[in-house]
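Engineer: This is the structure, below, for whatever I ask next.
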Amino acid sequence: MNVTLINPFINATINVLETMAFVTVSAGKPYLKKDNVAVGDVTGILGLTGVANGTISVTFEEKCILNVVSNMFGETMTELNHEIADAVGELTNMISGQARRELEEAGKVFKAAIPSVVTGRNHSITHHTDGPKIAIPFSTGNGDFTIEVCFER
Amino acid sequence: MDTSIKVLIVDDFATMRRILKNILKQIGFKNLVEADDGTSAWEILQGQTIDLIISDWNMPKMTGLELLKKVRASDQYKRTPFLMVTAEAQKQNVIEAVQAGVSNYVVKPFTAEAISDKLEKILK
């Protein structure tokens, strides 16, 4: 897969988490994901159309997203509930928006759908196309999360 | 900046409404009303007087841009400050919002300072 489609999502993820949740994020090594099982406990998924069609997902470990949303709200969140799911949807939306802006500067214009959110251990992440799923793991001081970027071949 | 005015916050994500409310309260605003899409916002605007509208763009039922156009077409709200706070930051979006009469534009993600600075500009 063309890395010029991947890097904007990595940059956007770091920027969104640092700006909205004051969380320092470090990206790990991208890998090709073979199955549909989510690495995390709550996942935001968003479809993209434009110069290529695809989806992105952002899946958080419970510990990680509780810390992220606690920082966003300025109050301690203790369980995965509808407020956490809503926040994951908005974080996915912001990552998409920021990445699409960078992609537009490179001449690649995309439109985004409204994100959906899935919660629960070992849930599936269904990408809309059968292209390769590139997973990028991220670490925070309080748990990990992973983004997946999947565009049609 | 007059913080006694009534502010309508429009976003389909409760998370974003909560973050914006927290920021506005820190600035000193107390009179805050919420809507989760443009249609609900328009109903509120018909039922009470709002002094400042802060709206997302990408929402179901009625988008922020559609709401902005309705607001600017109404006698009551054609000059009401309208701040768009959105992840839709592509050039065409900004052009469309400006042409529709947006007062200012904040791109998500944002800092509390960015919101405060934009409000200072459009409310002075």
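The values are calculated or read from the model by the stated rules, or taken from the named source; none is laboratory data. None of the values given here were measured: they were computed from a predicted structure. Here the Cβ positions follow ideal geometry from the backbone for every residue, glycine too, while neighbour counts run over all protein chains shown. Accessible surface is based on the protein model in full, side chains and every heavy atom, while ligands, DNA and RNA are left aside. Shrake-Rupley method; radii C 1.70, N 1.55, O 1.52, S 1.80 Å.
Yes/no per residue for (1) open to solvent by 20 Å² or more (accessible area, probe 1.4 Å); (2) touching a helix residue (DSSP H, G or I) at 6+ places or on another chain (Cβ under 8 Å):
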{"site": "A:Lys29", "(1), (2)": "yes, no"}
{"site": "A:Lys33", "(1), (2)": "no, no"}
{"site": "A:Gly40", "(1), (2)": "no, yes"}
{"site": "A:Gly47", "(1), (2)": "no, no"}
{"site": "A:Phe60", "(1), (2)": "no, yes"}
{"site": "A:Phe73", "(1), (2)": "no, yes"}
{"site": "A:Ala85", "(1), (2)": "yes, no"}
{"site": "A:Gly89", "(1), (2)": "no, yes"}
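Engineer: Could you look through the range A:67-83, keep only residues that are without any contact (Cβ under 8 Å) to a residue 24 or more places away in the chain and more than 9 Å from every other protein chain (Cβ to nearest Cβ), and pick out the one that is nearest to B:Pro60 (Cα to Cα)?
Structural biologist: A:Asn81
Engineer: Right, next: Hey, any hits in the range B:112-119 for a residue that's under 14 Å from the mean Cα position of the chain (by Cα), in contact (Cβ under 8 Å) with a residue 12 or more places away in the chain and open to solvent by 60 Å² or more (accessible area, probe 1.4 Å)?
Structural biologist: no
Engineer: Scanning for something without any contact (Cβ under 8 Å) to a residue 60 or more places away in the chain, within 19 Å of A:Asn142 (Cα to Cα) and more than 13 Å from chain B (Cβ to nearest Cβ), does the range A:84-91 turn up at least one residue?
Structural biologist: No, there is no match, as no residue in the range A:84-91 is without any contact (Cβ under 8 Å) to a residue 60 or more places away in the chain, within 19 Å of A:Asn142 (Cα to Cα) and more than 13 Å from chain B (Cβ to nearest Cβ).
Engineer: Counting just the residues of the range A:15-37 that are in contact (Cβ under 8 Å) with a residue 40 or more places away in the chain and part of a helix (DSSP H, G or I), which one comes out farthest from A:Ala52 (Cα to Cα)?
Structural biologist: If we take residues in the range A:15-37 being in contact (Cβ under 8 Å) with a residue 40 or more places away in the chain and part of a helix (DSSP H, G or I), then A:Ala21 is farthest from A:Ala52 (Cα to Cα).
Engineer: Looking at B:Phe82, is it more than 13 Å from the chain's Cα centre (by Cα) and aromatic (Phe, Trp, Tyr)?
Structural biologist: In short, no.
Engineer: Just a yes or no: is a residue in the range B:88-109 in contact with a helix residue (DSSP H, G or I) (Cβ under 6 Å, 6 or more places away or on another chain) and in contact (Cβ under 8 Å) with a residue 60 or more places away in the chain?
Structural biologist: Yes, the conditions are met somewhere in the range B:88-109.
Engineer: May I pose another question? Can you give me the number of residues within the range B:50-64 that are surrounded by fewer than 24 Cβ atoms within 10 Å (Cβ to Cβ) and within 14 Å of chain A (Cβ to nearest Cβ)?
Structural biologist: 5
Engineer: For the range B:4-25, does any single residue satisfy the condition of being of a type in the set (Lys, Arg), in contact (Cβ under 8 Å) with a residue 40 or more places away in the chain and surrounded by 14 or more Cβ atoms within 10 Å (Cβ to Cβ)?
Structural biologist: yes
Engineer: Taking the range B:21-43, which residues are among the hydrophobic types (A, V, I, L, M, F, W, C) and either touching an Asp or Glu at 6+ places or on another chain (Cβ under 7 Å) or in a loop (DSSP other than H, G, I, E, B) (or both)?
Structural biologist: B:Phe29
Engineer: Tally up the residues in the range A:102-129 that are in contact (Cβ under 8 Å) with a residue 60 or more places away in the chain and either within 13 Å of the chain's Cα centre (by Cα) or buried (at least 16 other Cβ atoms within 10 Å of the Cβ) (or both), please.
Structural biologist: 15
Engineer: Sticking with this one: Could you grab me the full set of residues in the range B:74-98 that are more than 8 Å from chain A (Cβ to nearest Cβ) and in a strand (DSSP E or B)?
Structural biologist: If the condition is that a residue be more than 8 Å from chain A (Cβ to nearest Cβ) and in a strand (DSSP E or B), then B:Phe82, B:Leu83, B:Met84, B:Val85 are the ones that fit.
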